[in-house]
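Scroll down for the structure; my scribbles are underneath it.
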Amino acid sequence: MKRKAKIPIAITMGDAAGIGPEIIVKALERKALRRKALPIVVGDAKTMEQALSIAKSNLKIQPISEVGQAQDDPGFIPVLDLQNIDLPTLKHGKVDPMPGKAAVEYIQKAVALAMEGKVGAIVTAPIHKEAINKAGFHYAGHTEILAHLTNTKEYAMLLAHGDFRVSHVTTHTSMRKACDRIKKDRVFTVIRLTYEVLQQLGIENPRIGVAGLNPHSGEDGLFGDEEKAEIIPAIEEAKKMGWSVDGPVPPDTVFTKMKGKQYDAVVAMYHDQGHIAVKLVGFSMKPGGKEWDKMSGINMTLGLPIIRTSVDHGVAFGKAGEGRANPQSMVDAIKLAIQLAQKKALGSRHEVGGPR
C-alpha cells in the first residue's frame, strides 16, 4: 500500500538575530510533529547550521532550492535556502536591517508557495518591527505584511493558549486611534472571522463573547458611547445570523468567563486588552521575575486565503544565541498549522466528491 504523502508546511526563519532559528530547531527535534507533515524552513541554510550548534542538536540541515527536493527524514531539516544572511557580520540580540530584510524575504517566499498550493500552511518565527522598517519595509508587523501580500482586505489577529482564544478588532495602532476604529462593520467582521475559524477547528456551534471598550462596557453611555453606537449593533447583526454571541461583556470579567468555559473565544477591542489576557495565561517567569520561563500559545491571522500560524512572542534579543529559548510556542504553532492544513485538504477532497 502506497504511503500517503505528507502535507508540506513552510516555516519562516524570522529575524536571524533573534531566537527564531533556535526555536525552529528545538521544535523540529520532536518527531511527533513530523509524522503527519513535512516541515520546510524558508530561510538561510548557514544560519540554520549555526542554530543547530546553539541548540546542541544532532539534526542535520538539507539545503534545497525547491519544495519538491525536501527529504522526509526526521534526522534532517530541509531549508529552502535564500542565502541572504551575511553570517560573519550577524550579531545576536542587535537590531539590524540586514536580517530584517531577509526576514521579509522569507515571508514573501512562503506566502508565494502557499498561494501556489505548494505548501499547505505557513508558520512564522518572530520578526523585529524596527529591523524590517530600517530595511525599507514599512509595516506594523506580520499581519499587515501577510494581508498586503495576499491582497486581503478583511483580516484579524487571533491569539490562543489551548482553548483560551482571543481575536482583536484593532491591533498595532495607538490607543487614541484604536478607539476611533471601533466601528460596527469592523466589529461584525471580526466576529464573523472568529466564528468561521472556530468552526474550522471543529466547534460546530461556537460561543463568542464580545468585550466592551469602556469600563463596565460604558454603563449605558455613562462612560462612553462606543458600545451603544457601534458594538451592540454589530452583535445584533451577528445574532441575526443565528450565531451565539454575547456582549458587550465588561472587559474585566469577559476573560474569566471564557476561562470558565462560557465562551469558545472572546473578541477584544484593542491590542493590549486581548494580549494581556492571553499572555497572563500562557507566559510565566522564573523566580525573581528577571527571566522568562515559559512562553506558550499561538498567533493566527484570520481572513487570509492561506493558513498562517505563528509564535505569540517576539525575537527575545535578550537570550538570542544562548541556547536558552523555550520552543513551546513554535511547537504549538506548527501543531495548529498541521491540524488546519489537514482539515482544509480533507474539505477539498469532499468538495470534489472524495470520501466522506
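Checking the stated criteria, Lys60 turns out not to satisfy the condition of being more than 22 Å from Ala333 (Cβ to Cβ) and crowded, with 17+ Cβ neighbours inside 10 Å. Pick from region 70-111 the residues that are outside any helix (DSSP H, G or I) and acidic (Asp, Glu): which of them is farthest from His148 (Cα to Cα)? In this case the residue turns out to be Asp73.
Of all residues in region 253-276, those that are of a type in the set (S, T, N, Q) and closer than 13 Å to Gly212 by Cβ total 2. Within region 229-253, being part of a helix (DSSP H, G or I) and among the polar types (S, T, N, Q) holds for one residue alone: Thr253. Scan region 272-291 and tell me whether some residue there is under 12 Å from the mean Cα position of the chain (by Cα) and modelled with pLDDT of 95 or more. No, there is no match, as no residue in region 272-291 is under 12 Å from the mean Cα position of the chain (by Cα) and modelled with pLDDT of 95 or more. Scanning region 191-210 for residues being outside any loop (DSSP other than H, G, I, E, B) and either hydroxyl-bearing (Ser, Thr, Tyr) or surrounded by 17 or more Cβ atoms within 10 Å (Cβ to Cβ) (or both) gives a total of 11. Pairing residues of region 61-78 that are under 18 Å from Ala51 (Cβ atoms) with residues that are in a loop (DSSP other than H, G, I, E, B) and of a type in the set (A, V, I, L, M), at Cβ distances under 7 Å and at least 6 apart in sequence or on separate chains, gives Ile64/Ala70; Gly75/Leu59; Phe76/Leu59; Ile77/Leu59; Pro78/Ala70. Look at (1) surrounded by 13 or more Cβ atoms within 10 Å (Cβ to Cβ); (2) not in a helix (DSSP H, G or I) and you find that Ala337 fails only one, number (2).
Annotation: of all residues in region 123-160 being of a type in the set (D, E, K, R) and under 18 Å from Ala16 (Cβ atoms), the one that is surrounded by the most Cβ atoms within 10 Å (Cβ to Cβ) is Lys129. Checked against the criterion of being closer than 23 Å to Thr253 by Cα, of a type outside the set (Asp, Glu) and free of Cβ contacts under 8 Å to residues at least 40 places away in the same chain, region 136-158 contains not a single residue that satisfies it. Looking only at residues of region 29-49 that are in contact (Cβ under 8 Å) with a residue 60 or more places away in the chain and either assigned to a strand (DSSP E or B) or among the aliphatic types (A, V, I, L, M) (or both), we find that the one that is nearest to Ala70 (Cα to Cα) is Ile40. Each residue in region 112-142 was checked for being within 16 Å of Leu336 (Cβ to Cβ) and either part of a loop (DSSP other than H, G, I, E, B) or within 15 Å of the chain's Cα centre (by Cα) (or both), and 8 of them qualify.
The values are calculated or read from the model by the stated rules, or taken from the named source; none is laboratory data. Bear in mind that the values here come from a model prediction, so they are computed numbers and not experimental data. Don't worry about glycine lacking a Cβ; one is built from the backbone with ideal geometry, like all the others, and counts go over all protein chains shown.
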